Amino acid sequence: SGGLAVVPGLTDFTFMENKEGKLFVNSPNALDGNIDSKCNTASAEYQSKTAGLVDAAGTEEEILGQIRSLICMLPANFEDDASYDECTDDLNRVCADLANAAEDTGIALATISDNNIFFETKREYAKEMVTGFIRLNGVTIGAVANRCKVYDEDGNVEAEFDGGLSVRGCRKAADFVNFCDAFNIPIITLVDVPGFMPGTAQEYGGIIKHGAKLLYAYAECTVPKVTVITRKAYGGAYDVMASKHLRGDVNLAWPSAEIAVMGPKGAVEIIFR
């Protein structure tokens with residue numbers, strides 16, 4: 001609480017116990033018009049879903065397990081290769097259901113990873129943008145991906161998005177790309193972006209500034225970058241998402257991928273307005 005609450009904001013990754021844990025600068029009851037029962041800004045749920053400060057929340061046992069999983073995938077510094085693990089998976093295995101996971105790229109990333117290992121960071125925040133770590137041939141890889149649907153364990157749609165770049169999504173991805181660059185972790189990006197998310201809330205929130213930060217993060221990044229366009233890559237959002245024009249090292253596209261200055265609907269509205 002108080003000034004010490006700034007400490008989690010300085011860390012690379014933050015975990016929080018979801019029942020007794022509290023994180024705040026000012027107590028929720030001290031905020032005008034707010035009480036715990038109305039909006040508990042100190043809770044793990046708020047800090048992970050709304051503030052985006054917490055990467056994962058859970059019981060103490062769950063948190064310790066998540067920390068162990070994450071630490072095993074990370075190098076100690078940019079020169080350390082101790083994060084490498086022996087690959088026991090078949091590198092030539094066929095991912096038969098990969099095309100079905102194009103909408104939920106969290107599933108797609110787990111599918112292509114060695115032994116389906118995927119550690120998602122900031123998993124409750126800006127779910128339309130996926131960030132996390134996978135392994136390819138034993139090497140830790142940073143992954144960034146657009147997502148338009150979230151499926152639960154039973155295959156039901158849990159959340160749905162238009163796939164556009166949002167203020168929160170850009171901020172989440174830019175911070176992650178910067179981390180990977182600092183620790184010399186290669187990056188793979190799965191692209192499915194029809195544009196920037198429309199709305200006055202996005203304009204008020206600074207979509208231009210945060211979109212530019214993501215573009216700059218990719219442009220400045222010096223680690224190997226592989227980009228795969230899975231569905232749509234339109235307009236300026238195409239440029240921002242690790243395009244060839246941002247010094248992407250290898251840029252690939254699925255046979256069904258679409259690359260254009262803008263989507264058909266937008267083009268028709270301009271030409272035949």
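The values are calculated or read from the model by the stated rules, or taken from the named source; none is laboratory data. Note that the coordinates shown come from a computational prediction; the quantities given were computed from them, not determined experimentally. All Cβ positions, glycine included, derive from the backbone under ideal geometry; neighbour counts span all protein chains shown. SASA here: full protein model, heavy atoms, side chains in, ligands and nucleic acids out. Shrake-Rupley method; radii C 1.70, N 1.55, O 1.52, S 1.80 Å.
A few notes on this one:
- Close pairs from region 132-156: first farther than 23 Å from Val193 by Cβ and assigned to a loop (DSSP other than H, G, I, E, B), partner among the aromatic types (Phe, Trp, Tyr) and open to solvent by 40 Å² or more (accessible area, probe 1.4 Å), Cβ under 8 Å, at least 6 apart: Gly138/Tyr84
- Residues in region 71-93 that are more than 25 Å from the chain's Cα centre (by Cα) and open to solvent by 90 Å² or more (accessible area, probe 1.4 Å): Glu86, Thr88, Asn92.
- Residues of region 100-117 classified as surrounded by fewer than 22 Cβ atoms within 10 Å (Cβ to Cβ), of a type outside the set (Val, Ile, Thr) and in contact with a helix residue (DSSP H, G or I) (Cβ under 7 Å, 6 or more places away or on another chain), total: 4
- Taking region 157-172 as the range and being free of Cβ contacts under 8 Å to residues at least 60 places away in the same chain and open to solvent by less than 50 Å² (accessible area, probe 1.4 Å) as the test, the residues that pass are Ala159, Ser166, Val167, Gly169.
- Matching residues, region 242-261, being over 13 Å from Ala217 (Cα atoms), in a loop (DSSP other than H, G, I, E, B) and not β-branched (Val, Ile, Thr): Asp249, Trp254, Pro255, Ser256, Ala257
- Apart from one condition, Asp192 fits all of (1) in a loop (DSSP other than H, G, I, E, B); (2) buried (at least 19 other Cβ atoms within 10 Å of the Cβ); (3) of a type in the set (Asp, Glu); the exception is (1).
- Of the residues in region 225-236, none is aliphatic (A, V, I, L, M) and more than 17 Å from Ala145 (Cα to Cα).
A quick yes/no check of all residues on (1) in contact with a Cys (Cβ under 9 Å, 6 or more places away or on another chain); (2) at pLDDT 90 or above:
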residue: Leu70; (1), (2): no, yes
residue: Leu74; (1), (2): no, yes
residue: Asp89; (1), (2): no, yes
residue: Ala99; (1), (2): no, no
residue: Asp104; (1), (2): yes, yes
residue: Ser113; (1), (2): no, yes
residue: Asn116; (1), (2): no, yes
residue: Glu124; (1), (2): no, yes
residue: Lys127; (1), (2): no, yes
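- Some residue of region 232-239 being assigned to a strand (DSSP E or B), farther than 15 Å from Ala174 by Cα and of a type in the set (A, V, I, L, M): yes
- Contact annotation: residue pairs with Cβ atoms under 9 Å, 6 or more positions apart or on different chains, pairing a residue in region 226-242 that is more than 16 Å from Leu98 (Cβ to Cβ) with a partner that is among the basic types (Lys, Arg) and surrounded by fewer than 23 Cβ atoms within 10 Å (Cβ to Cβ), are Thr227/Lys244; Tyr238/Lys232.
- Number of the exception - Phe24 against (1) under 21 Å from Ala173 (Cα atoms); (2) surrounded by 13 or more Cβ atoms within 10 Å (Cβ to Cβ): (1)
- Residue count for region 223-267 under the criterion of being among the β-branched types (Val, Ile, Thr), surrounded by 17 or more Cβ atoms within 10 Å (Cβ to Cβ) and closer than 20 Å to Met197 by Cα: the result is 3.
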